[in-house]
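Enquirer: Quick one: this structure, given as structure tokens, is what I'll be asking you about.
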Amino acid sequence: MVPHFGVEPQQIQIRTGCCDSMSKFLQMVNIQKNYGGVKALKGVDFSIDQAEIHCLIGENGSGKSTLIKIISGDVQPDGGEIQIEGRHYPRLRQIDSLNLGIRVIYQDFALFPNLTVAENIAYSQLVEKGDRLVNWQEIHEIAKAATEKIQINLDLHELVGNLSVANQQMVAICRALTKDVRLLILDEPTSALSKVEIDQQFKVVFDLQSKGISIMFVSHKLNEVLQIAHKVSILRDGEMIATLPREEVDNDKLIQLMSGRKITYTRYKGPETTNGKLLEVKGLTKKNNFADVSFSLGRGEILGITGLLGSGRTELALALYGIAPADRGSVVIDGKPVTIHSVQDAVRAGIGYVPEDRLTQGLVMKKSVRENVVPIVIDQLRNKLGLLDNGEWRQTVDHWIDELGIKVAHRDVEVRTLSGGNQQKVVLSKWLASKPKILILDNPTAGVDVAAKSSIYEVVRNMAEQGVGVILISDEIPEVVNNCNRILIMRNGRLVEHLETQDVTEEEVQNLVEMTGTQQQQISGELR
Amino acid sequence: MMKKLTKQTEFYLALLIIALSIFITLNNPRFLTTENIFGLLRSFSVMGIMSVGVLFVLILGGSPDVSFTAIAQVVQYIVVILTLNYGGNIFLAFLVACALGVLMGLLNGFLVHKFKVPTIIITIATSNIYFGLLYVFSKGEVIFVIHPMFREFGQLAIGSWVGQHGTPYGLSLLAIIWLLTLVAGWFILRRTQIGRNIYAIGGNEIAAERVGINVFKTRMFVFGVIGFLSGVAAIVHAAIVQSAIPNIIVGQEMNVIAAVFLGGAGVFGGKGTIIGTFLGILLLAIVSNGLTLLGISTYWYNVLIGAVIVVSITISAIQQIRQEKTRVRVQVEGEVTA
Amino acid sequence: MKKRVPNLSLYILLIAVVVLMTVLNPVRFPTRRNFFSMAYQLPFLAFLSMGQMVPMLAGGINLAIIATTNLTGIVTAMLLSWLSGGSSWDASLFITLVAMAGGVLAALAVGALNGFLIGHLRIPDMLATLGTMTLVEGINIVLTRGYTLTGFPDFLIAIGNDAWGDIPIPFIIFVVLTILLGVLLNKTSFGYSVYMIGSNYTASKFSAIDTRKVIIKAYMLSSVFAAVTSFIMMGQMNSVKANYAESYLLVSILACILGAIDPMGGSGRLSGLVVSVLILQVVSTGVNLLRMDPFFVRAMWGFIVIVVIAMNHYGQHVKFPLGFHRWKRAEQSVDQ
């Protein structure tokens, strides 16, 4: 029932790859960096060739961002050598890095939402020039030249805040291109993009690479890494585990290298019979979100919903949970029709929701574990006077810390200090405490390490065994295939596939999702 | 183009002002006379000048400065006493006033930057300090007789016409100072790099640092500007009132801030225009003037302004909620998008 | 876990100002009479600050608090006059209570409006209450036509001036309300929700906390404190006016900042606020006893706040990251 993890020792030969003849743009040897007592980088070797697409992968806290910051000159290493285009830089400052043509596109893009596309693109160049007066014509010329470089069509007068995430990223790339770029570093560039947008982005990346620009692509999405990389470097716990050419890696190998262990799933079987429907959704529709969604869920069943970003899967969950209620359709729980207009309605009906964004939606980061476990059940913690009973509160919280094995020194510790996996367990305990009939989980293992993943699956399976109906939304295909009884695939706001997991393999599901992706592409291509 | 226009606060504010003007004119034609308009511009010049400084601060960060009235109050009192004792001319008065204003503004800016505290918090504290010390040293005494140059300056005007009751009038220099402030403010915000930097910091301060903007310098500039304009407003106020009353300007800060918010500035920073700010003050002026001309008690002034603010923020909030509801999150297959 | 005393620096500061004032004024400061008079004055500032504190904990601000205070007084005074046929100073206890209830209702209406604008329409707190402040100020002026209303019945006068044995009535009310507010904030789900919403509105909403209801309640509670302030003020001054105590709007915020109430919401203790108000009162009384200008007190208050902010800053307690408004905005964008 529980996924099994076998740890296998790894023996990897470090190879410098195929392109020794080509000149190195950047070479770093034995780079070390400590923060306080914590060793963020423990003697890392790393190099990038000219006109190479080099992917850097690693779990949270493996030292990826520290490495980026050292290359951009934001942070000085405590030891090691940096060589760029053959020249040694004992101290690489921000200004040196910029002058050498190194540009970082951060995850948040560093844009000004209140300014136009043109001004956003031209800004760094204007600041660098240091003119006191602003020449609007010049701004437009700079912007136009940059957008033409990557052949992208943006309305230069539009405010950046009104653009889609994908186009905002293009603005950030355009800004980087206003100067001579030699190395473009993209930090988690695809995390909020849909399939179509990622394809467009890849086109731009290949285009830039063909112009001789080196690309460093930092990501945790392995299928994208495999699609784009010439070379892949894997960081783990501040150490460079390996640098391998694309031909020598595949998905499983990368996971193994990243986590240091091999992940083997056992499939979830679920109840023998799902007699008695717990939840029945019929014709659920919300304009501009999803349309005509019907499905049912049994007690003890784990139902997977997958689909590309922008397929409407999260929107469906938000409607069922009352955050953004549906316009039409019926929801029946335990044979009784329920109307869900608010979160309170949903919770009363027995629906719980673990949101995708733990940082802003799942937890109140500044508050303690004690406070984050109880919001749903707070009214049950009152004594005879109707006042909160601290003793019972503490007991409840300690019970869940114990039950889920949340690693925390004390219940009064702020949740923001916990690891991703332990934070997610706090979110789960919040719902476990409320004993929901139905629990919807939206990408519950995003940003947690492999060990925590398995214990989250364990919690979810245990819940299902106790009769809770679980809806597991995820874009990780192995996750849904191995943990669910059935899988629904969404595309363009509609349910398009309904699969029994025992009949399918991961590859088949992946193909179905990818296929709908290409279809989607064709459709949107025709629309243009 | 029209669509872009109707999205802007300024557009609705202008419509409201036009509608009000028509209504008032229909009931009292005196409203739309140059004499009345010029008078209006003169008497609202103090608020108008200060509003430009407030706009700068709100663009920078959305958290308002509440100490500018205290600064103007202190500056005015000091300059009035200095000129009484040592004479001097109006240029010198302006120079001293602006220098003092800039100093106090810079102190605010420095504290805000150094301690990383919202502007409103620091300026509540400093306004208490500035104003409290003024009262300690002035003992709250009103100076009824001030140097005659202030009166003379206040009477300077461009053009000379004869008004309805035979009194001569022109476009007061004080009103022109306000208009010049608006032009200068527009120029800085729209045409200079530091002006764009103010918007950039207001939009995303971390990004501003990343593209190489000197945030400290820009912040000090903004607080220098509001200090400078408080100095200008102090002299203009003295020229209108022709006395120095140590608690007459303090207490106006919320009205000015409200006008700038009405004009489209946001509480999150990065937003706001000179035109909007001008229209915001103009609305206050017209409501106040209209009440007098229509023979309605001026007691209704605050009720009307308050109602305008509450109604306008409510409308824009409802618009935003509606917009959010109709936003396309997913291109639903087979759905007709309007 | 190491236990540390919360707001330790505030307690030290309180002791310091008490010692300082005693040293500066050994004859008149540490006297029974002086403490008695402080106990009369303290509740006024305390109630206003508590009324400011509750919305601030929920991540907001109430700029309309003084306007609400004056509205309560004016409505109460006008009802008194109307119900008693013009001789409000002779009004019976029943009429007095009815009039006061009317005043409280008016205050609650303002609180509900604030809460609706902020909780339901998600209008930024500062804008919403700036609007209602102007509106209510206007209503106050229209109702009074700028006049001072005066002459109140014994009951109201007693609320502001009498003593129960050696303890002034306002101080007794202060103690009772402090305990009640403490219980409300620390021992009820309402209090819990206020802190949660103040820390992270979106996550609270996703955690099934009824944000709308809690925010409305928070602003109505703020109004209740405004109303109580108003009754104390009526009793002590025997008059009401449209623009009384306007300068105390900023002072109420200042007291919260000094009391380590996070202006971004979500953290701060009632005990901190009470100590803060005590500090402000001791400074005020001490300076007055030195026969210095009462406005010097204002300067001192402002100065103390700057000093405390500086101390917090250098004590590695950077409480307000400059980008806080953007952080708030990011939160709002995922709302709905």
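Enquirer: I'm checking my understanding of the structure. Among residues of segment C:157-187 that are outside any helix (DSSP H, G or I) and either buried (at least 16 other Cβ atoms within 10 Å of the Cβ) or of a type outside the set (Gly, Ala, Ser) (or both), which one is nearest to the chain's Cα centre (by Cα)?
Expert: Applying the filter and picking the extreme gives C:PRO168.
Enquirer: State whether the residues of segment C:85-94 include one that is surrounded by fewer than 23 Cβ atoms within 10 Å (Cβ to Cβ) and either within 14 Å of another protein chain (Cβ to nearest Cβ) or among the hydroxyl-bearing types (Ser, Thr, Tyr) (or both).
Expert: Yes, segment C:85-94 contains at least one residue that is surrounded by fewer than 23 Cβ atoms within 10 Å (Cβ to Cβ) and either within 14 Å of another protein chain (Cβ to nearest Cβ) or among the hydroxyl-bearing types (Ser, Thr, Tyr) (or both).
Enquirer: Also, I was wondering about something else. If you scan segment A:325-346, which residues turn out to be buried (at least 17 other Cβ atoms within 10 Å of the Cβ) and within 11 Å of A:ASN289 (Cβ to Cβ)?
Expert: A:PRO325, A:ALA326
Enquirer: List the number of the failed condition for A:ALA324; all other conditions in (1) within 11 Å of chain C (Cβ to nearest Cβ); (2) touching a helix residue (DSSP H, G or I) at 6+ places or on another chain (Cβ under 7 Å); (3) within 17 Å of C:SER189 (Cα to Cα); (4) hydrophobic (A, V, I, L, M, F, W, C) hold.
Expert: (3)
Enquirer: Looking at (1) among the aromatic types (Phe, Trp, Tyr); (2) modelled with pLDDT under 95; (3) closer than 27 Å to B:VAL241 by Cα, which one does B:PHE44 not meet, given that it meets all the others?
Expert: It is condition (2) that B:PHE44 fails.
Enquirer: Might you let me know whether segment B:134-155 holds any residue that is more than 14 Å from every other protein chain (Cβ to nearest Cβ), under 22 Å from B:LEU60 (Cβ atoms) and surrounded by 23 or more Cβ atoms within 10 Å (Cβ to Cβ)?
Expert: For segment B:134-155, residues more than 14 Å from every other protein chain (Cβ to nearest Cβ), under 22 Å from B:LEU60 (Cβ atoms) and surrounded by 23 or more Cβ atoms within 10 Å (Cβ to Cβ): absent.
Enquirer: Moving to a separate point now. Select from segment C:42-83 the residues that are in contact (Cβ under 8 Å) with a residue 60 or more places away in the chain and either hydroxyl-bearing (Ser, Thr, Tyr) or farther than 30 Å from C:THR285 by Cβ (or both) and list them in ascending order.
Expert: Across segment C:42-83, the qualifying residues are C:SER49, C:ALA58, C:GLY59, C:GLY60, C:THR68, C:THR69, C:THR72, C:VAL75, C:THR76, C:MET78, C:LEU80, C:SER81.
Enquirer: Turning to a different aspect of this structure: Could you tell me which of the residues A:GLN395, A:GLN361, A:GLN380 is farther than 25 Å from A:ALA349 by Cα and without any contact (Cβ under 8 Å) to a residue 24 or more places away in the chain?
Expert: Result of the check over A:GLN395, A:GLN361, A:GLN380: A:GLN395.
Enquirer: On to the next question. Quick test for you: out of C:LEU97, C:LEU117, pick the one residue that is touching a Gly at 6+ places or on another chain (Cβ under 9 Å) and free of Cβ contacts under 8 Å to residues at least 60 places away in the same chain.
Expert: C:LEU117
Enquirer: I've got another one for you. What about B:THR119, is it buried (at least 22 other Cβ atoms within 10 Å of the Cβ), under 21 Å from B:VAL46 (Cβ atoms) and of a type in the set (Val, Ile, Thr)?
Expert: no
Enquirer: So, one more: Since A:LEU488 meets every condition but one in (1) at positive phi; (2) assigned to a strand (DSSP E or B), which condition does it not meet?
Expert: (1)
Enquirer: Just give me the residues in segment A:69-88 being in contact (Cβ under 8 Å) with a residue 60 or more places away in the chain, in a loop (DSSP other than H, G, I, E, B) and crowded, with 19+ Cβ neighbours inside 10 Å, in sequence order.
Expert: A:SER72
Enquirer: Going through C:ALA218, C:ALA260 one at a time, which residue ends up being touching a residue at least 60 places away in the same chain (Cβ under 8 Å), away from every other protein chain (no Cβ under 11 Å), closer than 18 Å to C:ILE61 by Cα and not in a helix (DSSP H, G or I)?
Expert: Exactly one of C:ALA218, C:ALA260 is touching a residue at least 60 places away in the same chain (Cβ under 8 Å), away from every other protein chain (no Cβ under 11 Å), closer than 18 Å to C:ILE61 by Cα and not in a helix (DSSP H, G or I), namely C:ALA260.
Enquirer: Given the criteria farther than 21 Å from A:LEU126 by Cα, away from chain A (no Cβ under 14 Å) and not in a helix (DSSP H, G or I), does B:ASN247 qualify?
Expert: yes
Enquirer: For segment B:158-183, which positions are in contact (Cβ under 8 Å) with a residue 24 or more places away in the chain and within 23 Å of the chain's Cα centre (by Cα)?
Expert: Once the filter is applied, which keeps residues that are in contact (Cβ under 8 Å) with a residue 24 or more places away in the chain and within 23 Å of the chain's Cα centre (by Cα), segment B:158-183 yields B:LEU171, B:SER172, B:LEU174, B:ALA175, B:ILE177, B:TRP178, B:LEU179, B:THR181, B:LEU182.
Enquirer: Follow-up. Quick check on C:THR129: is it within 14 Å of chain B (Cβ to nearest Cβ) and within 30 Å of B:ILE120 (Cα to Cα)?
Expert: Against the criterion (within 14 Å of chain B (Cβ to nearest Cβ) and within 30 Å of B:ILE120 (Cα to Cα)), C:THR129 qualifies.
Enquirer: Within segment A:238-268, restricting attention to residues that are part of a helix (DSSP H, G or I) and of a type in the set (A, V, I, L, M, F, W, C), which residue is modelled with the lowest pLDDT?
Expert: A:ILE255
Enquirer: Output the residues belonging to segment A:392-415 that are exposed (fewer than 13 other Cβ atoms within 10 Å of the Cβ), assigned to a helix (DSSP H, G or I) and within 12 Å of another protein chain (Cβ to nearest Cβ).
Expert: Listed by number, the list is empty, since nothing qualifies.
Enquirer: On the basis of being within 25 Å of A:LEU309 (Cβ to Cβ), among the β-branched types (Val, Ile, Thr), under 23 Å from the mean Cα position of the chain (by Cα) and at pLDDT below 90, does A:VAL171 make the cut?
Expert: It is false that A:VAL171 is within 25 Å of A:LEU309 (Cβ to Cβ), among the β-branched types (Val, Ile, Thr), under 23 Å from the mean Cα position of the chain (by Cα) and at pLDDT below 90.
Enquirer: Hey, another quick one. Being in a helix (DSSP H, G or I) and of a type outside the set (Asp, Glu) is the requirement here; does B:VAL225 meet it?
Expert: yes
Enquirer: Okay, next question. Name, by its number, the condition in (1) at pLDDT 95 or above; (2) within 14 Å of chain A (Cβ to nearest Cβ); (3) under 17 Å from B:LEU13 (Cα atoms) that does not hold for B:TYR199.
Expert: Of the numbered conditions (1) at pLDDT 95 or above; (2) within 14 Å of chain A (Cβ to nearest Cβ); (3) under 17 Å from B:LEU13 (Cα atoms), the odd one out for B:TYR199 is (3).
Enquirer: Still on this model: A:ASN289 - would you say it is out of contact with any His (no Cβ under 8 Å at 6 or more places or on another chain), at the interface with chain C (Cβ under 9 Å from one of its Cβ atoms) and modelled with pLDDT under 95?
Expert: Considered against the rule, which asks whether it is out of contact with any His (no Cβ under 8 Å at 6 or more places or on another chain), at the interface with chain C (Cβ under 9 Å from one of its Cβ atoms) and modelled with pLDDT under 95, A:ASN289 comes out as no.
Enquirer: May I pose another question? Within segment C:2-11, does at least one residue satisfy the condition of being in a helix (DSSP H, G or I), of a type outside the set (Ser, Thr, Tyr) and surrounded by 17 or more Cβ atoms within 10 Å (Cβ to Cβ)?
Expert: For segment C:2-11, residues in a helix (DSSP H, G or I), of a type outside the set (Ser, Thr, Tyr) and surrounded by 17 or more Cβ atoms within 10 Å (Cβ to Cβ): present.
Enquirer: Can you tell me which residue among B:SER172, B:SER127 is in contact with a strand residue (DSSP E or B) (Cβ under 7 Å, 6 or more places away or on another chain), on the phi < 0 side of the Ramachandran plot and not β-branched (Val, Ile, Thr)?
Expert: So the residue among B:SER172, B:SER127 that is in contact with a strand residue (DSSP E or B) (Cβ under 7 Å, 6 or more places away or on another chain), on the phi < 0 side of the Ramachandran plot and not β-branched (Val, Ile, Thr) is B:SER172.
Enquirer: If a residue must be facing chain C (nearest Cβ under 7 Å) and among the basic types (Lys, Arg), how many such residues does segment B:94-129 contain?
Expert: 1
Enquirer: In segment B:256-307, how many residues are assigned to a loop (DSSP other than H, G, I, E, B) and within 14 Å of chain C (Cβ to nearest Cβ)?
Expert: Going through segment B:256-307 one residue at a time, the tally reaches 12.
The values are calculated or read from the model by the stated rules, or taken from the named source; none is laboratory data. Just so it is clear, the structure is predicted and the values come from calculations on it, not from any experiment. All Cβ positions, even for glycine, are placed from backbone atoms using ideal geometry, and neighbour counts span all protein chains on display.
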